[in-house]
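Enquirer: My structure is below; once you've seen it, I'll send some questions.
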Amino acid sequence: RRVYKIITNEIGRCWKEFGRTLKVSEVDIDNLDLVLNYHEENCDPRYWKSKLLDALVESRRKDLKIKVQDVF
């Protein structure tokens, strides 16, 4: 949950691209909390962290990737 709080508080306007990178449908992408929950529920637990970190990089938020990695 701490990771989600960091992302939701700091992702800014990149969050829709972040959601698309996580393969969230356009219908579900209107709310960042839904994006994060969707990803957690639909991602293989073995790859959850790496896909989340990759999505932050794809969204041009390497700064957030570093913060999130510190929490992991």
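The values are calculated or read from the model by the stated rules, or taken from the named source; none is laboratory data. Everything numeric in this text was worked out from a predicted model, so none of it was measured. Positions of Cβ are backbone-derived with ideal geometry, glycine not excepted, and every protein chain shown enters the neighbour counts. Surface areas here come from the heavy atoms of the whole protein model, side chains and all, with no ligands, DNA or RNA. Shrake-Rupley method; radii C 1.70, N 1.55, O 1.52, S 1.80 Å.
Enquirer: What's the total number of residues in the range 46-56 that are under 12 Å from Thr21 (Cα atoms) and open to solvent by less than 50 Å² (accessible area, probe 1.4 Å)?
Expert: Adding up the residues that qualify gives 4.
Enquirer: Quick one: would you say Asn31 is of a type in the set (S, T, N, Q) and open to solvent by 100 Å² or more (accessible area, probe 1.4 Å)?
Expert: no
Enquirer: Which one of Cys14, Cys43 is among the hydrophobic types (A, V, I, L, M, F, W, C), out of contact with any helix residue (DSSP H, G or I) (no Cβ under 8 Å at 6 or more places or on another chain) and surrounded by 13 or more Cβ atoms within 10 Å (Cβ to Cβ)?
Expert: After applying the criteria, what remains is Cys14.
Enquirer: Taking the criterion of being charged (D, E, K, R) and either closer than 15 Å to Gln69 by Cα or touching a strand residue (DSSP E or B) at 6+ places or on another chain (Cβ under 9 Å) (or both), would at least one residue in the range 20-43 satisfy it?
Expert: Of the range 20-43, the ones charged (D, E, K, R) are 20, 23, 26, 28, 30, 33, 40-41.
Checking which are either closer than 15 Å to Gln69 by Cα or touching a strand residue (DSSP E or B) at 6+ places or on another chain (Cβ under 9 Å) (or both) leaves us with none.
For the range 20-43, residues charged (D, E, K, R) and either closer than 15 Å to Gln69 by Cα or touching a strand residue (DSSP E or B) at 6+ places or on another chain (Cβ under 9 Å) (or both): absent.
Enquirer: Same structure, new question: Which of the residues that make up the range 3-45 are among the charged types (D, E, K, R) and within 12 Å of Ala55 (Cβ to Cβ)?
Expert: Our first condition is that a residue be among the charged types (D, E, K, R); within the range 3-45, this holds for 5, 10, 13, 16-17, 20, 23, 26, 28, 30, 33, 40-41, 44.
Selection gives Lys16, Glu17, Arg20, Lys23.
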